[in-house]
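Following: one structure in structure tokens, then a few remarks.
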Amino acid sequence: METINWNPAQVDEAADWLKKGEVVAFPTETVYGLGADATNEEAVQKIYSAKGRPSDNPLIIHVSSLSQVNEFVTHIPEEAKLIMSHFWPGPCTIVLNKKGPLAQSVTGGLGTVGIRMPDHPVALALIEKAGVPLAAPSANSSGKPSPTTAAHVLDDLNGRIRGIIDGGATGVGLESTVLDLTDPETPTILRPGGVSLEELSEVLGDVYMDAHLQDDTQAPKSPGMKYRHYSPDKPVYILPEDSVQAEHIVDQLKRKGHIPGLLVSEQSAALLNQDKTVFFSLGDKNKPSEAASRLYDGLRGLDESSATVILAEPYKPLGIGSAYMNRLEKAAEWISESL
Ligand code: AMP
Ligand code: MG
């Protein structure tokens with residue numbers, strides 16, 4: 001497999017691979033995506049096998065123009081047009097009723113399809129050159145934290161895909177918001193992400209959260225939300241907000257022989273005793289977008305470090321903080337009993 005640097009000639013080459021039914025990883029503004037021609041069943045199957053992704057977890061299709069959307073959905077309600085005009089290109093996926101020549105496995109057997117237009121020059125050029133929408137989940141092994149650099153993709157998928165376009169680190173660092181508009185009267189967030197509930201509400205009025213996001217005994221409407229996700233191999237623990245309690249937990253773990261990997265803001269790092277710990281900064285506590293963009297790199301970095309347990313700082317579930325907490329809680333779900 002090849003890693004190629006971002007320049008227009010290289011994007012032409014990658015588009016040729018896609019036209020031939022190969023899979024290629026590319027940067028978007030959220031995380032790196034693993035793309036295939038969304039109309040080619042064999043190509044889409046390669047995504048599932050490269051990632052080890054369960055076949056009932058549908059893929060988002062990525063378009064570079066609004067006209068492409070018409071080919072794949074039965075109807076675009078006014079609410080969807082508003083979202084497209086405010087947030088596209090950008091990190092908001094819209095779920096609508098599907099039609100047309102999409103490969104069967106893109107939608108995991110559902111009658112709906114998730115579509116977005118990414119806000120990244122490489123992604124847009126690649127889709128345009130390929131001449132087809134690209135089915136593209138995050139370019140990680142299923143279950144692992146999503147990749148925010150080409151090196152992360154290489155760590156997970158080396159030898160399993162045709163190539164990677166290296167466009168540097170991604171911006172948002174967390175995946176898109178998945179917004180269900182199949183019933184436009186009740187716009188529903190199936191997965192929080194790069195566009196917040198507050199931003200969507202400014203445009204649409206009332207916006208709902210899928211019941212599963214508040215109560216995990218409810219079945220999720222987004223099939224992917226039921227799987228293990230975003231998890232490094234080492235156990236992840238969410239620290240208490242209070243710094244005295246946090247320090248107590250760090251000390252307790254050290255006494256048990258652990259090396260804590262601290263994934264915390266600069267402000268919290270200054271309050272914690274960092275002796276015999278490994279530290280990865282989430283940036284300025286007052287800027288949750290910095291924590292969002294660093295979370296996956298931190299989980300991966302600490303997983304590879306000498307830390308034996310990862311202790312991550314919680315943020316307020318507002319704006320991008322809501323997506324940050326959703327991912328962190330998923331990563332921490334499989335916390336080791338031994339802690
Ligand atoms: P990923 O591309 O890996 O970030 O995952 C895509 C997410 O979008 C998963 O949680 C999917 O379950 C969700 N998704 C994609 N298409 C649909 C759809 N048609 N209906 C509901 N959720 C979807
Ligand atoms: Mg993913």
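Structure notes:
- Any hit, segment 187-202, residues being farther than 24 Å from Lys98 by Cα and at pLDDT below 95: no
- Of the residues making up segment 297-331, those that are in contact (Cβ under 8 Å) with a residue 24 or more places away in the chain and of a type in the set (Asp, Glu) are Asp297, Asp303, Glu313, Glu329.
- Qualifying residues in segment 51-61 (those that are at pLDDT 95 or above and out of contact with any helix residue (DSSP H, G or I) (no Cβ under 6 Å at 6 or more places or on another chain)) - the one surrounded by the most Cβ atoms within 10 Å (Cβ to Cβ): Ile61
- For segment 249-263, the condition of being within 20 Å of the chain's Cα centre (by Cα) and at pLDDT 95 or above holds for at least one residue.
- Listing of strands (runs of 3 or more DSSP E) fully contained in segment 233-329 that carry 1 or more residues being in contact with a Gly (Cβ under 6 Å, 6 or more places away or on another chain) and either aliphatic (A, V, I, L, M) or open to solvent by 30 Å² or more (accessible area, probe 1.4 Å) (or both): 260-264, 278-281, 309-312
The values are calculated or read from the model by the stated rules, or taken from the named source; none is laboratory data. Just so it is clear, the model here is predicted, and its values are computed rather than measured. Every residue, glycine among them, receives a Cβ derived from its backbone with ideal geometry; neighbour counts consider all protein chains shown. These accessible areas exclude ligands, DNA and RNA; they are computed on the full protein's heavy atoms, side chains included. Shrake-Rupley method; radii C 1.70, N 1.55, O 1.52, S 1.80 Å.
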